[in-house]
1. Run the simple label-point estimate for residue 19 and residue 58 please: 7 Å along Cα→C-beta, distance reported in nm.
2. Would you work out which of 47, 59, 2 lies farthest towards the positive end of the dipole of the chain? Charges go on Cβ: Lys and Arg +1, Asp and Glu -1.
3. By count of other Cβ within 10 Å, fewest leading, how are 53, 34, 25 ordered?
4. Can you put 35, 29 in order of Cβ neighbours within 10 angstrom, beginning with the fewest?
5. Spin-label point model (7 Å from Cα, Cβ direction): what's the residue 6 to residue 42 distance in nm?
6. In whole Å, largest first, what are the principal axis extents of the Cα atoms in the chain?
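Nothing in this text is a laboratory measurement; each read-out follows from the coordinates by a stated rule. The structure presented is a predicted model; accordingly, all values stated were derived computationally and were not measured. Don't worry about glycine lacking a Cβ; one is built from the backbone with ideal geometry, like all the others, and counts go over all protein chains shown.
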Amino acid sequence: MIIPIRCITCGKPVAHLWEEFKEKVAKGMEPGEVMDELGLDRACCRSLFLTHVDSIDLINKFKKY
Ligand SMILES: [Zn+2]
């Protein structure tokens, strides 16, 4: 879906970092390095970014109204 506003486990606001993370990873940077740069130190926040799948565009195709 869309990235959660806050980390589900620790509550740190993370949504504002998602676009930058996505851009840099698409350009070929290592996800670990990008997360270090963005200040995502905790394992919970890092796992959120590594496992997230942006499916909102796919879901929008099936929107009825
Ligand atoms: Zn966290």
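1. 2.3 nm
2. Working it through, the farthest residue towards the positive pole turns out to be 59.
3. With the sparsest Cβ surroundings first, the list reads 53, 25, 34.
4. 29, 35
5. If labels sit at residue 6 and residue 42, their model points lie 1.0 nm apart.
6. Principal extents (Cα only, largest first): 40, 29, 17 Å.
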